[in-house]
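Here's the structure we're looking at; comments come further down.
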Amino acid sequence: MNTLNSIDWLVIVVYFAALLGIVISVTRRNQTSTDYFLAGRNVGFFAIGASIFASNIGSEHIVGLAGQGAATGLAMAHYELHAWIVVLLAWVFVPFYYQSGVFTMPEFLEKRFGPKPRWILSLVSLAAYVLTKVSVTVYAGAVVFKTLLPETFGSPENAFWVGAIATVILTGLYTVAGGLRAVLYTDSIQAIILLIGSAAITWIGLNLLGGWSELQSFASENVADYALWRPLSDPDFPWLGILIASPIVGIWYWCTDQYIVQRTLAAKDLKTARRGALLGAFLKVWPVMIFLIPGLIGAALHQKGLLVIPGDSSGGLAGDQVFPTMVTSLLPTGLRGLVVAGLLAALMSSLSSLFNSTATLFTVDVYEKIRPGASEEKLVTVGRLATGVVIILGLLWIPIMPAISKGGLYQYLQNVQGYLAPPITAVFLLGLFNQRINSRGATWGLSLGFILGMAKLVLQGIFGAGKIENPTFLAAIADFNFLYFSGVLFLISVATIIVASYTSAAPRIEQLQGLTYAMMDRKSVRDSWDKREVIATVFILGLVVAIYSYFSFWI
């Protein structure tokens, strides 16, 4: 296995020097809370689109998705072909959010439903960020260090901890200093590095393997493990479960989660916000080719004896080490340093976005509600302190991650998100398109949905086959496929919201201005797009259809 040499380190140092220069430059421009949390609402579409992509594709994606490619083939590709849902963000959701002038998604819920749903979503989002996104992203980054620099700090275990702590602290510092503007501009650079580095390793790996036909042959020998569509009998990824759960999780993540939507809220106008979201959708088309396929390539190279990938405790491939191993073993000097910089960029991009979104949620949706009338300077200070607290909590959670991540980081994420997403997706969809939905409906739907989702997660960790198998009904609930459970939870949430709303008073019409489809300013929305946005949309959707069509029959 190759190690990083002086040229590789030089590339990494130059990258971080450029990053530091950007942060110093933009930090001087933060004067108000709007500057800090939404970059002054004057950001261009390229920075928005690149940040949407880079924030989504973090180290847990590059590491975890390649690991899933090696272990389960294209089963997770459905979650990576959500470009069509980012198109929904551009055309359906962004107009509501932008016209309302909100900072956060909980703030939007308060305008539509009142304070209770806002509090519920704020607190659950903050807890979810710390316990899933921060911890998983940090753990994935630490795995990268452990694989790339096993002896640099004395031992692989030392490299794990140095990598985890250093990247969290450095990312936290530049996010605390620069706010969303620093996140957006550094993300623009990081998105380009991610694309170049991952495309390079895909190309080199394919050439070493012998070309695309060799990869198809390898996958054809293992159709049950690597196919895009799995039979209904598949215990993990039945095709019907994928069709049910994937859109529910996708709409929550891409259209209602502060982590992603905050980028569009920083746009200087509605047209820019839509174009930024469409650029993000275009970039989102490619992860299957540059992150998931490399995992398949790594598994094929390992089978041929051309690449040695460490094993896991069960004797199989350690999926989460596939991509880092390919970087250190296959890439030439210089390019290896660039890709390492890209992996670090992915980690820092996700963490910086997450830290800023968490700071915004806490400051706007918690602190400002408790202390109304706080000065702009005080709000920015509280936001920075909140980021610091999240950094500490993320570090404290690291020791737990090895146990949680068994089965692959990416699959773990989809499990947790499958239990968090349904009630939020239900509330936003019904709230935007049904004027009769009221505060009681939203409160009951969110509360019951979160309780049931977290109960399933707890049961899944304790009961089931190979764990505690009695009482049998708890074991059955624990083993119930996470994809199907996501659909069941969505239906329960929808029914709860509708029943609770229709058995109580309807909201007043004046409360709904600009907050439902029927009450929005359609003229300003129509004036914000022309044929260029339509052409871009058709092109993006065409790419999604083409990729689906090809990989449905490629083996």
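A quarter of the convex hull surface defined by the alpha-carbon atoms of segment 486-526 gives 4.3 nm² as the mean projection.
Going 7 Å from the Cα of A506 toward and past its Cβ, which residues in segment 433-455 have a backbone nitrogen under 17 Å from where you end up? Counting backbone N atoms under 17 Å from the label point, the list is 433-442. Between D236 and L491, what is the FRET efficiency for a Förster distance of 22 Å, r being their Cβ-Cβ separation, to the nearest 0.05? Efficiency at R0 = 22 Å is approximately 0.50. Rounded to the nearest 20 debye, the dipole magnitude of the chain is 1580 debye, with +1 charges on Lys and Arg beta carbons, -1 on Asp and Glu beta carbons, and the Cα centre as origin.
In this simple spin-label approximation, V534 and T333 carry label points 7 Å from Cα along the Cα→Cβ vector, and these lie 5.6 nm apart. Extension gain for E377 to L243 (0.36 nm times residue separation, less C-alpha to C-alpha distance): 43.5 nm. Derived scalar couplings between HN and Hα for segment 544-555 equal 4, 4, 5, 5, 4, 4, 5, 6, 5, 10, 6, 10 Hz in order, rounded to whole Hz, by the Karplus curve 6.51 cos²θ - 1.76 cosθ + 1.60 (θ = phi - 60°), x for Gly and Pro.
Round to the nearest 10 and give me the degree value, 0 to 90, for the angle of helix 439-462's Cα axis relative to the longest principal axis of the chain. Tilt relative to the chain: about 20 degrees.
In order along segment 98-114, the phi-based Karplus estimate (6.51 cos²θ - 1.76 cosθ + 1.60, θ = phi - 60°) of 3J(HN,Hα) comes to 5, 5, 6, x, 7, 8, 9, 5, x, 5, 5, 4, 5, 4, 7, 10, x Hz; Gly and Pro are listed as x. Helix 270-284 and the longest principal axis of the Cα set of the chain meet at an angle near 30°.
Quote the FRET efficiency, to the nearest 0.05, computed for K304 versus E151 with a Förster distance R0 of 22 Å and r equal to the Cβ-Cβ distance.
The pair K304/E151 has a calculated efficiency of 0.20.
Once you reduce segment 442-471 and segment 508-548 to the center of their Cα atoms, the two points are 36 Å from each other.
A dipole drawn for the chain from +1 and -1 charges on Cβ atoms has a positive end, and of T381, N158, V87 the residue lying farthest that way is T381. Straight-line reach from K268: which lysines fall under 27 Å, measuring Cα to Cα and dropping same-chain residues less than 8 apart? Candidates past the 8-residue exclusion: K111, K284, K369, K378, K523, K531. One chain, two ends: A224 and A127. Fully extended at 0.36 nm per residue, the span grows by 31.2 nm beyond their Cα-Cα distance. Averaged over residues, the count of other Cβ atoms within 10 Å places the peptides 266-273, 107-114 in the sequence 107-114, 266-273, highest first.
Coupling constants for segment 515-527 follow from the phi torsions by the Karplus curve (6.51 cos²θ - 1.76 cosθ + 1.60, θ = phi - 60°), and in residue order they are 10, 10, 4, 6, 10, 7, 7, 5, 5, 5, 5, 4, 6 Hz; glycine and proline get x. Calculated FRET efficiency, A546 to A465, Cβ-Cβ distance, R0 = 35 Å: about 0.35 to the nearest 0.05.
Calculated [222 nm] ellipticity per residue, helices only, for the chain: -22500 deg cm²/dmol; basis is -39500 (n - 2.57) per DSSP H run with n ≥ 4, divided by all residues, nearest 500.
Candidates I391, L512, Y419 compared by Cα position along the dipole of segment 360-516: farthest toward the positive end lies L512, with charges placed on Cβ. Seen against the Cα atoms of the chain and their longest principal axis, helix 335-360 is set at about 20 degrees.
Lys and Arg at +1, Asp and Glu at -1: add these up for the other residues within a Cβ distance under 11 Å of Q435 and post the number.
Around Q435, the surrounding residues sum to +3.
Computed over the chain, the P(r) curve from all C-alpha pair distances, binned at 10 Å from the origin, holds 4, 18, 29, 28, 15, 5, 0 percent per bin.
The slack between N207 and Q513, meaning 0.36 nm per residue of separation minus the straight C-alpha distance, is 104.4 nm. Local charge for F237 was computed over the other residues whose Cβ lies under 12 Å away, with Lys and Arg +1 and Asp and Glu -1, and equals -2.
Values quoted throughout were computed directly from the atomic coordinates according to the rules given, and no laboratory measurement underlies them. Values in this document were obtained by computation on a predicted structure and should not be read as measured data. Here Cβ is always computed from backbone atoms with ideal geometry, including for glycine, and neighbour counts include all displayed protein chains.
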